[in-house]
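Each reported figure results from applying straightforward, stated rules to the coordinates on display, with no laboratory input. Just so it is clear, the structure is predicted and the values come from calculations on it, not from any experiment. Cβ atoms come from the backbone with ideal geometry, glycine included; neighbour counts cover every protein chain shown.
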Amino acid sequence: MPNQSNKVVIFLGPPGAGKGTQAERLAAEQQLLKISTGDILRDHVTRNTELGQQVKPLLDAGHLVPDDILIALIRDRLASLDPVRVIFDGFPRTTAQAQELDVLLEELGAPVSAVPLLEVPDDVLIARIVERGKTSGRSDDTEEVARNRQTVYRDQTQPLIDYYAARGQVHTINGVGSMDEVYGRIRDAVN
Ligand code: AMP
C-alpha cells in the first residue's frame, strides 16, 4: 500500500537557475529530504573516494556522469525512506535516468507528485554562475565550463522535460525575480 504522505518532487531547470537554494527552502518547509546529486558527487570528490576519483574529470569539464552510477546512488538513498518524501535537485538529467527512477519509485509505491521547471534566460544563467564561482569554490563555476554545462543541459536534459510534460506534470516557473518572489511561485506550483 502506498503511504499517503509520500511526496516526490523533481526540480528541473538549467545550471545556475537557483534550484539548489529554492529546493532547500521547500524541503525545510515541507519536510522533504533534498537529494542533490551534484552535492553527493562533489562530496565523493572532496573525500577522494574511488567514485570521487572516477567522476572528478567529468565534473571539472561539465560533462554528465554515466547513468548507471547515478541510478546506483539514488537507489541507495531511497532504500531506507518511509514515507518517501524527497525533492530531487539535479536528477534526473537524462531520459534514461527518468525511466530508471520511475522503476524505483514504482517499487516504492511513491509516484512523482510534481515537476517544477525553473526557467531563466541563458545570459542571466552564465552571469549567476560566474558570480557564484567567486565564493562557491566549485571548479565548474567558470564561464567556459558554465557554457559547456548549458550545452549539455540543452542536448541531454531538456528532452526529458517532454517525458514529464507528456503526463501533464511540468509546472513552468519564471525564475527571474527575488528569491522570495521565485519561491512563492514554486510553492504555488507544487501545492
Ligand atoms: P550540479 O551541482 O547539479 O550542477 O551538478 C554538478 C555536476 O555533477 C554536473 O555538471 C555533472 O558532472 C554531475 N552530475 C550531477 N547530477 C548528475 C546527474 N543526474 N547525471 C549526470 N551527472 C550529474
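One table, with the values for the structure above:
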quantity: Distance in nm between pseudo-label sites at Asp82 and Val176 (7 Å out along the Cβ direction from Cα); calculated: 4.8
quantity: 3J(HN,Hα) from dihedral phi, the stretch 44-53, Karplus parametrisation 6.51/-1.76/1.60, rounded to Hz, x for glycine, proline; calculated: 5, 5, 4, 7, 6, 6, 4, 4, x, 5
quantity: Normalised per residue, the volume of the convex hull around the Cα set of the chain (Å³); calculated: 117
quantity: Dipole of the chain, positive direction: furthest Cα of Thr142, Ser113, Gln31, with charges on the beta-carbon; calculated: Gln31
quantity: Summed residue charge, Cβ within 15 Å of Arg167's Cβ, Lys/Arg positive, Asp/Glu negative; calculated: -3
quantity: Table column - 3J(HN,Hα) (Hz), the stretch 69-81, Karplus curve with 6.51, -1.76, 1.60, x for Gly and Pro; calculated: 5, 5, 4, 4, 4, 5, 4, 4, 5, 7, 3, 9, 8
quantity: Expected 222 nm ellipticity per residue - DSSP helices of 4 or more, -39500 (n - 2.57), all of the chain, to 500; calculated: -17000 deg cm²/dmol
quantity: Computed P(r) (all Cα pairs; the stretch 1-86; 10 Å bins; percent); calculated: 15, 42, 34, 8, 0
quantity: Candidates Thr142, Thr49, Thr157, ranked by Gaussian network fluctuation over the chain, Cα under 10 Å, top entry; calculated: Thr49
quantity: Rounded D (µm²/s) - the stretch 52-110, Kirkwood Rh over Cα pairs, Stokes-Einstein at 4 °C, 1.567 mPa s; calculated: 104
